[in-house]
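Let me begin by presenting the structure, written as structure tokens, before commenting on it.
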Amino acid sequence: MPQLAYSAEATVPVDAPAEALFGYLDNHGKLSAHMDQPSWAMMGAKMEVHMDASGTQSVGSTFGFTGSFVRMPLAVDEIITERKPPFLKTWTTIGEPRLWVIGRYRMGLRIAPRSGSSLLTVFIGYDLPQGFGTRMLGWLLGGIYARWCTRRMAGDAARHFRKSDHRCRTQAPGRQSRGEQQ
């Protein structure tokens, strides 16, 4: 894919080792969970994900989203272009997507291991849509949407690992935890 005109990224610390974080995000259904819920950034629309048999876990794997907004179809098809567990995964659009505020794009995630945790960066490079009306919308709203999308994906991953933190908590001998107090 040639150079893309616009970009956005979001970086967050995640309380999980790189392998666990990559394993979670390698399932594109989890990575893109924000797309199947109506939101202001999706203008109330929601998209359904479809994946091939490899489930986005190999280079060349294809997937995409379909949906509609005010009865106008939205669709994008994508392909995994790089996958280097547990550090990097990228994907790009196939053809011209039918979206309102961004056109062709390349997205990905980078994971930098830390001591017992990770630093996650979700990034996107994109062009404006091709149609005149959607190009104008993209010029006005594309950056807002791209920043929302990357922040949402990164933030959702960080929240997932905060919620699923099952580390044992120790207490001094003879002390009761709140749940044991009468």
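Taking the range 29-57 as the range and being at pLDDT below 80 and either of a type in the set (V, I, T) or within 13 Å of the chain's Cα centre (by Cα) (or both) as the test, the residues that pass are G29, K30, L31, S32, A33, H34, M35, D36. Scanning the range 51-93 for residues that are open to solvent by 10 Å² or more (accessible area, probe 1.4 Å), of a type in the set (A, V, I, L, M) and part of a strand (DSSP E or B) yields a count of 6. The set of residues from the range 76-129 being touching a helix residue (DSSP H, G or I) at 6+ places or on another chain (Cβ under 6 Å) and of a type in the set (G, A, S) comprises just one member, S118. Residues in the range 106-145 that are among the hydroxyl-bearing types (S, T, Y), open to solvent by less than 80 Å² (accessible area, probe 1.4 Å) and either over 20 Å from the mean Cα position of the chain (by Cα) or at pLDDT below 95 (or both): T134, Y145.
Restricting to the range 94-105, name every residue that is touching a strand residue (DSSP E or B) at 6+ places or on another chain (Cβ under 8 Å) and open to solvent by 10 Å² or more (accessible area, probe 1.4 Å). Once the filter is applied, which keeps residues that are touching a strand residue (DSSP E or B) at 6+ places or on another chain (Cβ under 8 Å) and open to solvent by 10 Å² or more (accessible area, probe 1.4 Å), the range 94-105 yields I94, G95, P97, R98, L99, W100, R104, Y105.
The values are calculated or read from the model by the stated rules, or taken from the named source; none is laboratory data. Computed from a prediction, not measured in an experiment: that's the story for all the values here. Glycine gets a Cβ as well: all are built from the backbone with ideal geometry, and neighbour counts include every protein chain shown. Calculation scope for accessible area: heavy atoms of the full protein, side chains included, ligands and nucleic acids excluded. Shrake-Rupley method; radii C 1.70, N 1.55, O 1.52, S 1.80 Å.
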